[in-house]
Every structure is written in C-alpha cells, then in structure tokens.
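Below: the structure, in structure tokens.
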Amino acid sequence: MLQFGNLDESTNFLDQQKEETGPVTIINTFVAPEGKEDEVVAAWTDDAEYMKKSGGLLSVQLYRGIGGSRLFTNVAVWKTTEHLRAAFATPEFASHLAGYPVGTVAYPHLYQKFAVEGICEGE
C-alpha cells in the first residue's frame, strides 16, 4: 500500500487541496522499494488511467530517475483543486492505493505556475 510523506512540513497536501484555485499542478515523487520499480510503474499506470477518466485532468507525465535511481516523479496538471479533490475522494481511487508495493512512499505537493519577471512566462 502507498504511504504518504510531506516534503514541506509546514504545508500539508490535504490542506493544499482545500484552496479553491486552478489550474494546479501536482508534482508527486515516489520512492520505489528496491527491486519493485516495475510494480510501481504498473500501479501508477492504473492510477493515471483512472485519473484521465475522472474529468479535470489536463495533462500527465511520469519521469524516472536515471543511473539506478528508484525515484519516479508524476507531474499532472488539473483544471482546479475541486477536480483533483473529486478524483481523490472516490472509493475507486482508494482501491488503487493498495496496488502499490509495500514500502512505496509518495511525496505529493500542489503548485501553480509562478512568473519571475524577465525569466518565466506568466499565466
């Protein structure tokens, strides 16, 4: 079963979802148990297929660490936090969490595009 951790102890992922805003990007880094990388990819694929059907998911991409890394990072853009909450609140999504191998830890966090004048594009 998937376990959750926080990268920023001052900002809990569940609290972030209470914000009424959008679009939002969830960046979720997974640490796969040694030797279970293929199982993590299979579980993530099931999750992603469900999320694509749930409505509100604009884009999704999985990244894999190189050089023997056991890290995977999911980057998904949602129309709003409401769409994300609705997808996460279903029993079907909860059942997907059990598909991850024991010892898999996820570190989800929500972001919005941020413009730095002269360097980054604005919204």
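The values are calculated or read from the model by the stated rules, or taken from the named source; none is laboratory data. These numbers come from a predicted model, not from an experiment. Here Cβ is always computed from backbone atoms with ideal geometry, including for glycine, and neighbour counts include all displayed protein chains.
Being loosely packed, with under 15 Cβ neighbours inside 10 Å and in a loop (DSSP other than H, G, I, E, B), is that true of even one residue in segment 36-54?
no
Answer yes or no: is there a residue in segment 115-122 that is surrounded by 11 or more Cβ atoms within 10 Å (Cβ to Cβ) and not small (G, A, S). Give the steps one after another, and end with the answer.
Step one: of segment 115-122, the residues surrounded by 11 or more Cβ atoms within 10 Å (Cβ to Cβ) are none.
No: segment 115-122 contains no residue that is surrounded by 11 or more Cβ atoms within 10 Å (Cβ to Cβ) and not small (G, A, S).
Within segment 1-35, track down each residue that is hydroxyl-bearing (S, T, Y) and surrounded by 11 or more Cβ atoms within 10 Å (Cβ to Cβ).
T11, T21, T25, T29
Hey, among A86, A115, which residue is without any contact (Cβ under 8 Å) to a residue 40 or more places away in the chain and part of a helix (DSSP H, G or I)? Reasoning before the result, please.
Numbers: A115 fails: part of a helix (DSSP H, G or I).
Among A86, A115, only A86 is without any contact (Cβ under 8 Å) to a residue 40 or more places away in the chain and part of a helix (DSSP H, G or I).
How many of the residues making up segment 86-114 are at pLDDT 95 or above and either surrounded by fewer than 16 Cβ atoms within 10 Å (Cβ to Cβ) or among the β-branched types (V, I, T) (or both)?
7
Considering only residues of segment 89-103 that are in a loop (DSSP other than H, G, I, E, B) and in contact with a helix residue (DSSP H, G or I) (Cβ under 6 Å, 6 or more places away or on another chain), which is farthest from R64 (Cα to Cα)?
Result: G99.
Can you pull out every residue in segment 58-74 that is free of Cβ contacts under 8 Å to residues at least 12 places away in the same chain and loosely packed, with under 11 Cβ neighbours inside 10 Å?
I66, G67, G68
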